[in-house]
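Working notes, beginning with the structure itself.
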Amino acid sequence: MLPEQNKSPFWRYDFAQNNLLMSSYHLSEKNLPSYYNKLKIYAPEEIIGYPSSLYRIARYILDSGKQPLKPYVVITTAETLLAYQRVALENAFACPIIDQYGCTEMAFFASQCEYGTMHFHPEHSIVEILDQNADLANEGTGALISTGLVNQSMPLIRYKVGDRVSIASEKYDVSVEERFQLFKKLKDVSMMYCIKKMARLLED
């Protein structure tokens, strides 16, 4: 859809994958009721999106006293999920909130388990850290270095992502995640937000 579009619908159907694709670009205050009403009618089992976009919908639901949407799960991705955003999403969607962590280059993938801990997926990449002495290590704190295992067209070898993480020495010892490496993200690649005159949140 065109950026200058100012009337609903702000979404398209992907019939092949049975998805409803909604525009984050058109999430202005004026358009939020259209998004909520469509989601209410569509009743998705799961919702996947940017934390900033989902937060705007969540704030509309909470501030206007609308009923929670209640999918089975909400999955956040592509941005850092902040604590206040998680609280709003939990209240507005009344379901578990699962955070993901990855990059467009497909160099690595991580997700949050049922206990709230983040884990790298070993089938997706080999992860290392570059410490303050410029040494590579499999654990500790430093710059995230990743070798992707799924991008066969253009594999990245020891790719410096730009984020700072702390990789634990121990592995998770319960549930099915027992072989997945624990980590904590300490610092993101710099991200800038701006508010345009039409009250849309844009990310650069």
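The values are calculated or read from the model by the stated rules, or taken from the named source; none is laboratory data. The structure displayed is predicted, hence computed values, not measured ones. Here the Cβ is made from the backbone with ideal geometry for all residues, glycine too, and neighbour counts use every protein chain on show.
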Discussion item. Being touching a residue at least 12 places away in the same chain (Cβ under 8 Å) and in a loop (DSSP other than H, G, I, E, B) is the filter here; which residues of region 13-29 pass it?
Written reply: Ser23, Ser24, Tyr25, His26, Leu27, Ser28, Glu29
Worksheet entry | Only one of Gly140, Gly116, Gly102, Gly148 that is closer than 14 Å to Gly162 by Cα and of a type in the set (Gly, Ala, Ser) | Gly102
Worksheet, complete the sentence: Of the candidates Gln100, Gln112, the one satisfying the condition of being polar (S, T, N, Q), under 29 Å from Glu45 (Cβ atoms) and touching an Asp or Glu at 6+ places or on another chain (Cβ under 6 Å) is Gln112
Worksheet entry | Unique match (being farther than 21 Å from Met118 by Cβ, aromatic (Phe, Trp, Tyr) and under 19 Å from the mean Cα position of the chain (by Cα)) among Tyr25, Tyr13 | Tyr25
Discussion item. Suppose the filter is within 30 Å of Leu156 (Cβ to Cβ) and modelled with pLDDT of 90 or more; does Ile61 pass it?
Written reply: no
Fill in: Residue count, region 120-135 (criterion: of a type outside the set (Asp, Glu) and loosely packed, with under 11 Cβ neighbours inside 10 Å)
3
Worksheet entry | Enumeration of residues in region 80-122 that are under 14 Å from the mean Cα position of the chain (by Cα), among the β-branched types (Val, Ile, Thr) and modelled with pLDDT of 90 or more | Ile97, Ile98
Worksheet entry | Filter result for Ser34 (out of contact with any helix residue (DSSP H, G or I) (no Cβ under 7 Å at 6 or more places or on another chain), closer than 25 Å to Asp163 by Cβ and in contact (Cβ under 8 Å) with a residue 12 or more places away in the chain) | no
Worksheet item: Which residue pairs have Cβ atoms closer than 9 Å, lie 6 or more positions apart in sequence or on different chains, and pair a first residue in region 72-87 that is at positive phi and in a loop (DSSP other than H, G, I, E, B) with a second residue that is surrounded by 14 or more Cβ atoms within 10 Å (Cβ to Cβ) and hydroxyl-bearing (Ser, Thr, Tyr)?
Response: Ala78/Tyr50
Fill in: Extreme residue, surrounded by the most Cβ atoms within 10 Å (Cβ to Cβ), among residues of region 40-54 that are part of a helix (DSSP H, G or I) and in contact with a strand residue (DSSP E or B) (Cβ under 9 Å, 6 or more places away or on another chain)
Leu54
Worksheet item: Checking Ala143 against (1) in a loop (DSSP other than H, G, I, E, B); (2) without any contact (Cβ under 8 Å) to a residue 24 or more places away in the chain; (3) among the small types (Gly, Ala, Ser), which test does it fail?
Response: (1)
